[in-house]
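A.B. asks: There's a structure below that I have some questions on.
The values are calculated or read from the model by the stated rules, or taken from the named source; none is laboratory data. Computed from a predicted model, the values in this text were never measured in an experiment. Heads up, the Cβs are rebuilt from the backbone with ideal geometry, glycines too, and the neighbour counts pull from every protein chain shown.
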């Protein structure tokens, strides 16, 4: 009887420690959800910008979006992640947002100077980021949905 009580105590202690360790770190799903929230804000920002840009050539619009992207980059970077693959996605999202931020700032400066070659170069940078974003989001969604390990 005494041996059985010891085993039950050890098993209970082991389960208790396991539960406490598991609850200390977020699940992959929770971490994906945090990243998705920031990525969705960036996507919404891009859509809003696209609508506004059609009717305006104001460089301040570009600078405003660049500032918002900079904040989203900081928000994405601030997410604490334990999953190494998600950390890689996080780095890629941050780099993407920073590149788009700089492209928008360069585009605004080129518009103000009426520098057509610089405008084209900045636009190319922004467009390259858009195609990278499509691939990144697809990979991220695939990983977070569990269809890729």
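A.B. asks: Given the criterion without any contact (Cβ under 8 Å) to a residue 24 or more places away in the chain and either assigned to a helix (DSSP H, G or I) or under 20 Å from residue 37 (Cα atoms) (or both), identify the matching residue among 137, 94.
C.D. replies: 94
A.B. asks: Out of (1) closer than 19 Å to residue 138 by Cα; (2) outside any helix (DSSP H, G or I), what's the single condition that is false for residue 85?
C.D. replies: Only one criterion in (1) closer than 19 Å to residue 138 by Cα; (2) outside any helix (DSSP H, G or I) is unmet by residue 85, namely (2).
A.B. asks: Take segment 16-29 and flag every residue that is at pLDDT below 90 and surrounded by 11 or more Cβ atoms within 10 Å (Cβ to Cβ). Lay out the reasoning, then the answer.
C.D. replies: Quick first cut of segment 16-29, residues at pLDDT below 90 only: 16-26.
Across segment 16-29, the qualifying residues are 25, 26.
A.B. asks: Look at segment 30-63 and say how many of its residues are at pLDDT 90 or above and not in a helix (DSSP H, G or I).
C.D. replies: Number of matching residues: 0.
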